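**Q** There's a structure below that I have some questions on.
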Amino acid sequence: MRKALRWLLALTVLIGTLGTAGAATAAQAGRTGQVADIKDQLLAIPGMSLIQEKPYTGYRYFVLNYTQPVDHRHPSKGTFQQRITVLHKDVSRPTVFYTGGYNVSTTPSRSEPTRIADANQVSLEYRYFTPSRPAPADWSKLDIWQAASDQHRVFKALKPIYTKNWIATGGSKGGMTATYFERFYPRDMDGVVAYVAPNDVVNNEDSAYDRFFTKVGTKECRDRLDAVQREALVRRDALEKKYAAYAAENGFTFTTVGSLDKAYEAVVLDYVWGFWQYSLLSDCDSIPANAATATDDEIWTSVDTISGFSFYTDQGLDPYTPYYYQAGTQLGAPTIKFPYIEKKYLRYGYQPPRNFVPRSIPMRFQPGAMRDVDSWVRHHADHMLFVYGQNDPWGAERFAVGKGSKDSYVFTAPGLNHGANVAGLTADQKALATARILAWAGVPATTAAQAKPLAPYDAKLDRQDVQREPTLRP
């Protein structure tokens, strides 16, 4: 009986948190005859606190903390502070819910759907990325359902203030996050725009990536990249001495991955993938034309510029521990083969996510998680748009919409990489995508041909910084 009473009290507190924001706002308006200042409305939400307000012309921008349960199934078992930001335009405008899947930026910016709909934007830091991490951290509570429930709870808290249509969006892991949110809470959003979202349905079947790397770009560019990658392994001894000096100079260590040698091979094997993820075909001119005659410094510089020799150090991996944990427990990770590199030069191959997470954190893979999401999207997607880049490796395994989906689309931007967006689509697809985003936001254009972003371009707000992310491993 006591256990049941505690559960009922916890549920009452949770429901109260979700429902009091609108009541508080209405009460304030009733007493004063005026709608409260937006900051006061936000801070009237139970569990919401202000970190900072930053000025930006035409907007109000807030960095906030929101109290979240560590476990949404058992909300009485501890809480943590989750960072969110609010780019406030006007409560009469639609709202875009942006997720990057990693840390949230505290610099004002707009996602593409936010500009298209001239909307407010709420951005959420993914749970377990510091500082949005419970202490102590129970890593078993880092999964896609718990993260989607974070987002659902923020939406429920803010919906009484931002009452117009909502669209979820994000890129890469953020696109995955927006998709998972829709899968678990399909009644929350009026539309979803997911950019370059990987979809590793069967973790052990990754031949799609091998096929991708035999066709991407031009043969000349592929040959250049393959040669530099191979040469970096041929010259392993000399370049690892350079790596050791570099690590010593910067205080880098290799406890998590296990050794400098493992880290070196991981960086080198990221090279081709990293180029196509972040670069364009025109950037091939920056790759050494003849790897065999290139100097050690030229090989080192090319690999370091694209892959980054600091990444697989303890210091480089630490911020991405939540990501690799999820890759090794639910998301899956790609692996590729290297037929142009003799086996004698490969000691480890693509290493699993387990190698990039401290051994003190237990991990167990759940093969059904991505299959469930993939099946749901194919059969139940409604008002969803997926955008991929033609030359982005992550698009080799992508989401697909099937017969059960409604008003949902998968488009590919010609020649683009991991930064692909609606603006990079062909003219007809761009017009259709823009029109659908406007319709989902509740501000439809007269015709698709007339659809265009409602907000003018802002060089600071609309800059497109492609999130530099680690390569997922099986």
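The values are calculated or read from the model by the stated rules, or taken from the named source; none is laboratory data. Nothing here was measured: the structure is a model prediction, and the numbers come from that model. Cβ coordinates were reconstructed from backbone atoms using ideal geometry, including for glycine residues, and neighbour counts include every protein chain displayed. Note: accessible area is taken over every heavy atom of the protein model, side chains too, but ligands, DNA and RNA are not part of it. Shrake-Rupley method; radii C 1.70, N 1.55, O 1.52, S 1.80 Å.
**Q** In the stretch 394-403, is there at least one residue being in contact with a helix residue (DSSP H, G or I) (Cβ under 8 Å, 6 or more places away or on another chain), more than 30 Å from residue 258 (Cβ to Cβ), at pLDDT below 95 and not basic (Lys, Arg)?
**A** Yes.
**Q** Just one of the numbered conditions (1) surrounded by fewer than 23 Cβ atoms within 10 Å (Cβ to Cβ); (2) aromatic (Phe, Trp, Tyr); (3) more than 25 Å from the chain's Cα centre (by Cα) is not true of residue 278; which one?
**A** Going through the list (1) surrounded by fewer than 23 Cβ atoms within 10 Å (Cβ to Cβ); (2) aromatic (Phe, Trp, Tyr); (3) more than 25 Å from the chain's Cα centre (by Cα), residue 278 breaks only (3).
**Q** Then there's this: Before we move on, is residue 311 within 20 Å of the chain's Cα centre (by Cα), closer than 29 Å to residue 186 by Cα and buried (at least 16 other Cβ atoms within 10 Å of the Cβ)? Lay out the reasoning, then the answer.
**A** On the way: within 20 Å of the chain's Cα centre (by Cα): yes; closer than 29 Å to residue 186 by Cα: no; buried (at least 16 other Cβ atoms within 10 Å of the Cβ): yes.
It is false that residue 311 is within 20 Å of the chain's Cα centre (by Cα), closer than 29 Å to residue 186 by Cα and buried (at least 16 other Cβ atoms within 10 Å of the Cβ).
**Q** Name the single residue that is farthest from residue 187 (Cα to Cα) among those in the stretch 350-388 being free of Cβ contacts under 8 Å to residues at least 40 places away in the same chain and not in a loop (DSSP other than H, G, I, E, B).
**A** The selected residue is 354.
**Q** Restricting to the stretch 407-439, give me the number of residues that are open to solvent by less than 40 Å² (accessible area, probe 1.4 Å), in contact (Cβ under 8 Å) with a residue 40 or more places away in the chain and either closer than 9 Å to residue 389 by Cβ or not aliphatic (A, V, I, L, M) (or both).
**A** So the answer is 7.
**Q** Exactly one condition in (1) aliphatic (A, V, I, L, M); (2) open to solvent by less than 20 Å² (accessible area, probe 1.4 Å); (3) farther than 22 Å from residue 209 by Cα is not met by residue 245; state its number.
**A** Condition not satisfied by residue 245: (2).
**Q** Something else about it: What pairs come up if the first residue lies in the stretch 294-309 and is touching a residue at least 60 places away in the same chain (Cβ under 8 Å), the second is among the acidic types (Asp, Glu) and assigned to a helix (DSSP H, G or I), and their beta carbons are under 9 Å apart, counting only those six or more places apart or on different chains?
**A** Every condition considered, the pairs that remain are 294/231; 299/231.
**Q** Could I ask something else about it? Identify, by number, the condition in (1) touching a residue at least 60 places away in the same chain (Cβ under 8 Å); (2) crowded, with 20+ Cβ neighbours inside 10 Å that residue 89 doesn't meet.
**A** (1)
**Q** Still on this structure, I have one more. Quick check on residue 336: is it more than 16 Å from residue 255 (Cα to Cα), of a type in the set (A, V, I, L, M) and modelled with pLDDT under 95?
**A** On the way: more than 16 Å from residue 255 (Cα to Cα): yes; of a type in the set (A, V, I, L, M): yes; modelled with pLDDT under 95: yes.
So residue 336 passes the test.
**Q** Would you point out which residue out of 134, 160 is at pLDDT 95 or above and out of contact with any helix residue (DSSP H, G or I) (no Cβ under 7 Å at 6 or more places or on another chain)? If you could, list the steps in order and put the result at the bottom.
**A** On the way: 160 fails: out of contact with any helix residue (DSSP H, G or I) (no Cβ under 7 Å at 6 or more places or on another chain).
The conditions single out 134.
**Q** Being in a loop (DSSP other than H, G, I, E, B), over 17 Å from residue 195 (Cβ atoms) and at pLDDT 95 or above is the filter here; which residues of the stretch 434-448 pass it? Working first, answer last.
**A** Step one: filter the stretch 434-448 for residues in a loop (DSSP other than H, G, I, E, B), giving 441-447.
Filter once more, keeping what is over 17 Å from residue 195 (Cβ atoms): 442-447.
Passing the criteria: only 442.
**Q** Would you please list the contacts, defined by Cβ atoms under 7 Å and residues six or more apart or on different chains, that run from a residue in the stretch 59-83 that is within 14 Å of residue 150 (Cβ to Cβ) to a residue that is of a type in the set (A, V, I, L, M, F, W, C) and open to solvent by 50 Å² or more (accessible area, probe 1.4 Å)?
**A** Listed pairs, sorted by first residue: 64/50; 64/51; 65/51.
**Q** Kindly evaluate residue 304 against the criterion of being within 29 Å of the chain's Cα centre (by Cα), closer than 21 Å to residue 350 by Cα and assigned to a helix (DSSP H, G or I).
**A** yes
**Q** Inspect the stretch 109-116 for any residue being under 26 Å from residue 419 (Cβ atoms), among the small types (Gly, Ala, Ser) and touching a helix residue (DSSP H, G or I) at 6+ places or on another chain (Cβ under 6 Å) and give the result as yes or no. Break it down stepwise before answering.
**A** Step one: list which residues in the stretch 109-116 are under 26 Å from residue 419 (Cβ atoms), which gives 109-116.
The next check asks that each one be among the small types (Gly, Ala, Ser); those that pass are 109, 111.
Subset that is touching a helix residue (DSSP H, G or I) at 6+ places or on another chain (Cβ under 6 Å): none.
There is no residue in the stretch 109-116 that is under 26 Å from residue 419 (Cβ atoms), among the small types (Gly, Ala, Ser) and touching a helix residue (DSSP H, G or I) at 6+ places or on another chain (Cβ under 6 Å).
**Q** Check the stretch 242-255 and report whether any residue there is hydroxyl-bearing (Ser, Thr, Tyr) and within 30 Å of residue 180 (Cβ to Cβ). Even if it seems obvious, please write down each step before you answer.
**A** Just the residues of the stretch 242-255 that are hydroxyl-bearing (Ser, Thr, Tyr), to begin with: 243, 246, 253, 255.
The next check asks that each one be within 30 Å of residue 180 (Cβ to Cβ); those that pass are none.
No, every residue in the stretch 242-255 fails to be hydroxyl-bearing (Ser, Thr, Tyr) and within 30 Å of residue 180 (Cβ to Cβ).
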